[in-house]
Amino acid sequence: MPHSSRPSGSSQGERPRRGVAPSGSGASASAGGRGRPRQASLAGSPSGVRRQAGRRKGRANLWPRRIITGTGLLLVVGLILWALFNAVAWVFSDSDEAVAQSGAQSGAVEDSDSPRMTADGVLYPNDAVRIPECTPDMLALNSTTGSIHVGQALTASVEVSTQANTACSTDAGMFGLMITSGDEIYYDSRQCEADGLGSPLLLSPTASWSGELKWDGRRYAGCSPIDSDGDGATDLAQPGTYKVRVMYGDHNTSSEHIIEVGP
């Protein structure tokens, strides 16, 4: 049987051996590009994709987040300021309303319920007028007198007015004259009813009263002259220094004089 010989060169159907590069231009091209396939394989590999994604994430834009956060903070601050403004306005409005109501109530009470002091007396809402009684602190009293001789009478001129802003009433008998020497009382007109006294008086800021209080110069026990020796002649005030005081009821007034009784 005849033997067929194989061609010396590689035939078309011959398979190249594993690990042996094909000859020709294909082999040289493969050898010339050995450094680049390594970089391409890294870029196309999953680890390379992750690295590129990481770089993109690190350079993310934060401005939208900052704008949103700042806008939220501004809204919160605005709401707080608005609430404070409304609270302060509410407090002041309530305070003004309370003051207005208080003023209205006080004015109503003053106009309708409270009496008013007038020069003619105390005026009440029903137009009734009450004249209060004069008290010592409401009165202003002036008096004048002078020295006398034994057996002479003494006269004290008195003028009384009211210091109050309203009228007041009293009685002329409330004013008295007291004569003393040391601790001894020589005369007290309040113990007796004298002529011209005991009449009602109406004093006002525009109306005063003038009168006279007298002492006849003798010694008295109460309202009775003293006759110490029983000869029927009453005792006279002897020469010396005497104090003359104008009284209003049981109260001393500021009107006081020192006189001399001469021989």
Label-to-label distance, nm, for residues given as THR234 and GLU256 (7 Å Cα→Cβ offset) = 2.7 nm
task = Hey, can you grab everything whose amide H is under 5 Å from the amide H of THR253? Only 5+ residues off in sequence or another chain; H modelled, so Pro and N-termini drop out.
result = VAL246, TYR248
query = If packing is taken as the mean number of other Cβ atoms within 10 Å per residue, what is the order of 247-259, 220-232, highest first?
reply = 247-259, 220-232
task = Using only the Cα atoms of region 142-224, construct the convex hull and provide its projected area averaged over every direction, in square nanometres to one decimal.
result = 6.1 nm²
note = Projected onto the charge dipole of region 150-242 (unit charges on the beta-carbon of Lys, Arg, Asp and Glu, signs +1, +1, -1, -1), the Cα from GLY217, THR155, SER204 with the largest positive-side position is that of SER204
Hull volume in cubic angstrom per residue (convex hull over the Cα atoms of region 187-263) = 126 Å³
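Over region 122-263, what is the mean sequence separation of C-alpha contacts under 8 Å (at least six apart), divided by residue count, expressed as relative contact order in percent?
Relative contact order here is 28 percent.
Give the Kirkwood hydrodynamic radius (Å, one decimal) of region 112-162, defined as one over the mean of 1/r across all pairs of different Cα atoms.
Details: mean 1/r = 0.0694 Å⁻¹.
After inverting the mean inverse Cα-Cα distance, the result is 14.4 Å.
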ask   = Ordering LYS214, LYS243 from largest to smallest accessible area (1.4 angstrom probe), what's the sequence?
value = LYS214, LYS243
query = How do 161-167, 69-75, 135-141 rank on mean C-beta neighbours within 10 Å, highest first?
reply = 161-167, 135-141, 69-75
note = Counting Lys and Arg as +1 and Asp and Glu as -1 over every other residue whose Cβ sits under 15 Å from the Cβ of ARG245, the net charge comes to -2
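The values are calculated or read from the model by the stated rules, or taken from the named source; none is laboratory data. None of these values were measured; they are calculated from a predicted model. Methodologically, a virtual Cβ is constructed for each residue, glycine included, from the backbone with ideal geometry; neighbour enumeration extends over all protein chains shown. These area figures cover heavy atoms from the full protein model, side chains too; ligands, DNA and RNA do not enter into them. Shrake-Rupley method; radii C 1.70, N 1.55, O 1.52, S 1.80 Å.
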